[in-house]
Number of protein chains: 2
Amino acid sequence: MKKIRFGIIGLGNQGSSYVKFFSEGKIENGVLTAMCDIDPAAIARIKEKYDIPGAVFFDDHKKLLDSGLVDAILIETPHYFHPGMAMDAFARGIGVICEKPAGVYTKQVKEMNEAAARSGVPFSLMFNQRTNCVYRKMREMIADGAIGKFQRVTWIITNWFRSEHYYKSGSWRASWEGEGGGVLINQCPHQIDLIQWIIGEMPASVRGFCGYGKWHDIEVEDDVTAYFTYKNGATGVFITTTGEAPGSNRLEISGTRGKLLCDRSKGADMKLWYYKNEQDSDEYCRTADNMYNAPECVWTEVETDGLNRQHEGIINNFANAMLGLEPFYVDGKEGVRGVELMNAMELSGWNGGEEIKLPIDEERYLKELNAHRAVSRYKAPEVK
Amino acid sequence: MKKIRFGIIGLGNQGSSYVKFFSEGKIENGVLTAMCDIDPAAIARIKEKYDIPGAVFFDDHKKLLDSGLVDAILIETPHYFHPGMAMDAFARGIGVICEKPAGVYTKQVKEMNEAAARSGVPFSLMFNQRTNCVYRKMREMIADGAIGKFQRVTWIITNWFRSEHYYKSGSWRASWEGEGGGVLINQCPHQIDLIQWIIGEMPASVRGFCGYGKWHDIEVEDDVTAYFTYKNGATGVFITTTGEAPGSNRLEISGTRGKLLCDRSKGADMKLWYYKNEQDSDEYCRTADNMYNAPECVWTEVETDGLNRQHEGIINNFANAMLGLEPFYVDGKEGVRGVELMNAMELSGWNGGEEIKLPIDEERYLKELNAHRAVSRYKAPEVK
């Protein structure tokens, strides 16, 4: 049977880990035929470590795309390059799995999405956390009405501790010009995607209270508390940092029919709990003849299918879907949602916690981002 | 041995529960000698239910204070009356245990505190939650440096579900004129006191995002998300509502040396957990030569002394302290802190989440509160 021929653009930490998948035969219907990095040392490291028969190396992503060797690429370059490289692939009819985040700002990501739509080329994002059985189950239960009318989401996701050594390991790290943000754009894109994917809805407004270089010698945010409001009046809180240890990872989503609680903090013995109200709490509120009671509630640990294929799952699905064997699991065009949420938190943070209504004013965002880039410590190299 | 002679002003739910303590002999060095309510039906209910030998009933608190029958009073009237009645007692050299909150607005509470200080009369507040072994332990551990430099507090205290029936049970309930607020002033004064008492510090600024009549047919707030900043840069989130079931009660306080976690939500099997870092995380951050690790951390369930005497403990302590047998546990003058925090959240809520710096502008608060009182559904009866 035919296999999808993959290329990998960018051979840093993440790109290398995908080379490993292919070298270990973990991508059933895919084969790695080409790789690219502007840094010869990165290519040398891959050659030393892995034996990928027949794979060709490039120092320019366009040469790789023009080589005729690939049906699809994995984009594993710094965030700012994602949309442009994806569009270069779409223009050549080459499929794309783009690393998260989809890009740094929505304007750029929307152009990419429009190009993807026009081209009709398969396009996915590395939202590997969407393959996690717990998050899938939460999304499914909410869609099925398990919590009733959505009232509140709280995600404390503070287990992203990073040392100064981490930040000093690359001059592009944690800079406006190199990454376009801090903990929101580097560590949290999965949770920021999941919070809208699980609930099935974007906030209507966002406030972000951001600490810039609060715990580290960096220029971008390493501490965020965000407050969301939703169209139906529900509210949300999202708390993250790279400056706390041991952090927490606790997500609760509640509604009139009950609550879903997922605690994955260090030492937590909880996986996914469902608190189910016997009666809708809104209805109970209106009809109860007592003062202090609440609806009867039972709680149970939720069983899931246990499957959690992560990055491997996303790449296998993409190859299989390109071959018509199964549907595409992640539509790359959905990546813009997380970028919009991040941008809104950042924009609010730059402006003293201002309430940012969605959809975001993307011209304003880009203008303010560029003002930060202009004074960034990091100066990006020219890329062809 | 001499016993402290107590009077109770206000014989509603709370006042009646203290009558019960005395009737059951639970206040070792105290005796109930006088009670007061403006409502004859309330007095009749007490007379029917309890036999308090020799106790005299009044329909006017000043008559009770002037009777010569009491050494101390418990003030159990609506919140607005607390400071005035306390000052009436101080002026007569009569000790006061005031129900929480200390009052509705700081200006009023400060006048009370000044009067208390001038008079030198014993003054306490019913901060019964301060007797809880878990909260005492948290305060003690933090004071002893268990978490190192304070970084973050998050309290999700959403288990205050109330029905419409509750709100309709008294026309004064949940009105600006009757209570001066909603979930913040009625349900949450304990947590709002504890959050500053346990940490040992007031926030430097407060934002409150309040839903007014969001889940009920009331004019005051029944849903609040608040964001705090502290002088050293630490931040906090406080989430509460009377519209959610089953709510949560989860408090975490973290710092560079570790984290304290207290989960008392329905179904939670956790009491108090301590996550202890082997090394200060700030120091680790600066000196580590790895990118992704955090300090080694061990977590244990914390043992406490198990004592939790609540209201009974506060009243017994007050009687004993008046007799010189032990120190006063709660200094009534500390009640202003919680009131200031509540006022700041409310003021911010009225003003679209404006950042309110502490100390609060108390004239502004009173002016805006009075504007709300002027259009309140509830019209307060004249009180002599």
List the distances, in nm and shortest first, from the label point of B:TYR378 to the matching label points in every other copy, placing each point 7 Å from Cα along the Cα-to-Cβ direction. 5.6
Kindly work out what percent of the DSSP beta bridges joining two residues of chain B are antiparallel, to the nearest 5. 60 percent
Check B:TRP176: other-chain or 5+ apart residues with amide H under 5 Å from its amide H, H built from backbone geometry? B:ARG377, B:TYR378
Segment B:262-359: radius of gyration and largest Cα-Cα distance (Dmax), Å: 21.4, 61
Helix B:106-119 sits off the longest principal axis of the Cα atoms of chain B, rounded to the nearest 10 on a 0 to 90 degree scale, by 70 degrees
Measuring from the axis that superposes chain B on chain A, report the chain B residue with the minimal C-beta distance, rounded to whole Å. B:VAL237, 3
May I ask for the angle, rounded to the nearest 10°, between helix A:13-23 and the longest principal axis of chain A, with both axes built from Cα atoms and the value confined to 0 to 90°? 70 degrees
Set the Förster distance to 60 Å, then compute FRET efficiency between A:SER67 and B:ASP289 from the Cβ-Cβ distance, nearest 0.05. 0.90
Mind checking segment A:312-356 for GluC sites (Glu not before Pro) that DSSP puts in a loop (not H, G, I, E or B) and that have at most 16 other Cβ atoms within 10 Å? A:GLU354, A:GLU355
What number does segment B:269-320 give for Rg over Rh if you use C-alpha atoms and the Kirkwood radius? 1.33
Which listed residue (B:GLY247, B:VAL224, B:GLN279) has the Cα farthest towards the positive end of the charge dipole for segment B:214-288, taking +1 on Lys and Arg C-beta and -1 on Asp and Glu C-beta about the Cα centre? B:GLN279
Using the reciprocal of the averaged 1/r over all distinct C-alpha pairs, how large is the Kirkwood radius of segment A:1-153 in Å? 16.7 Å
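In deg cm²/dmol, rounded to 500, what helix-only [θ] at 222 nm does the protein assembly as shown give when every DSSP H run of at least 4 residues adds -39500 (n - 2.57) and the total is split over its residues?
-10000 deg cm²/dmol
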My understanding is that a pair violates if its Cα-Cα distance is over 18 Å; which of B:LYS231/B:LYS357; A:LYS49/A:LYS168; B:LYS168/B:LYS367; B:LYS149/B:LYS259; B:LYS137/B:LYS271; A:LYS100/A:LYS367 do that in this structure? A:LYS49/A:LYS168; B:LYS168/B:LYS367; A:LYS100/A:LYS367
Quick check: Cα centre of segment B:333-368 to Cα centre of segment B:162-192, how many Å? 18 Å
If you project the alpha carbons of segment B:302-384 onto the principal axes, what extent comes out on each, in Å, largest first? 47, 42, 21
Considering all projection directions equally, how large on average is the shadow of the alpha-carbon convex hull of segment B:77-125, in square nanometres? 2.7 nm²
Just the C-alpha atoms of segment A:76-226: what Rg/Rh do they give, with Rh taken as the Kirkwood radius? 0.99
At a Förster radius of 30 Å, what calculated FRET efficiency corresponds to the Cβ-Cβ distance of A:TYR378 and A:ALA44, to the nearest 0.05? 0.75
Please report, for A:GLY93, the nm distances (one decimal) from its label point, 7 Å out from Cα along the beta-carbon direction, to the equivalent points in the remaining copies, shortest first. 10.2
Let me check I've understood the local charge: for B:ASN308, count other residues with C-beta under 15 angstrom from its C-beta, Lys and Arg +1, Asp and Glu -1. What total comes out? +4
Summed over the other residues with a beta carbon less than 11 angstrom from that of B:ASP223, with K and R at +1 and D and E at -1, the charge totals -1
Output the direction-averaged projected area (hull surface divided by four) of the convex hull of the alpha-carbon atoms of the protein assembly as shown, in nm². 34.8 nm²
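Using C-alpha positions alone, give me the convex hull volume of chain A per residue in cubic angstrom.
156 Å³
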Within 10 Å, count the other beta carbons around each residue, average over each peptide in A:228-236, B:158-166, and list them highest first. B:158-166, A:228-236
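From the P(r) of segment A:7-69, can you give the percent of Cα pairs sitting at distances over 15 Å?
Percentage above 15 Å: 44.
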So if I place +1 on the C-beta of Lys and Arg and -1 on the C-beta of Asp and Glu, and nothing else carries charge, what would the dipole magnitude of segment A:71-185 be about its Cα centre? I want it in debye, nearest 20. 460 debye
Counting only DSSP loop positions in segment B:15-76, the chymotrypsin sites (Phe, Trp or Tyr not before Pro) whose Cβ has at most 16 other Cβ atoms within 10 Å are B:TYR50
Cα pairs beyond 20 Å in segment B:91-169, in percent, come to 61 percent
Take the alpha carbon atoms of segment B:1-15, find their center, do the same for segment A:12-42, and report the distance between the two centers in whole angstrom. 77 Å
Note the distances from B:ARG364 to each other copy's matching label point, with points 7 Å along the Cα-to-beta-carbon direction, in nm, sorted shortest first. 2.3
Over segment A:143-267: Rg over Rh, Cα atoms, Kirkwood Rh: 1.02
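Just so you know, all these numbers are worked out from the coordinates, no wet-lab data involved. For clarity, every value in this text was computed on a predicted model and none was experimentally measured. So basically every Cβ, Gly included, is an ideal-geometry build from the backbone, and we count neighbours across all protein chains shown.
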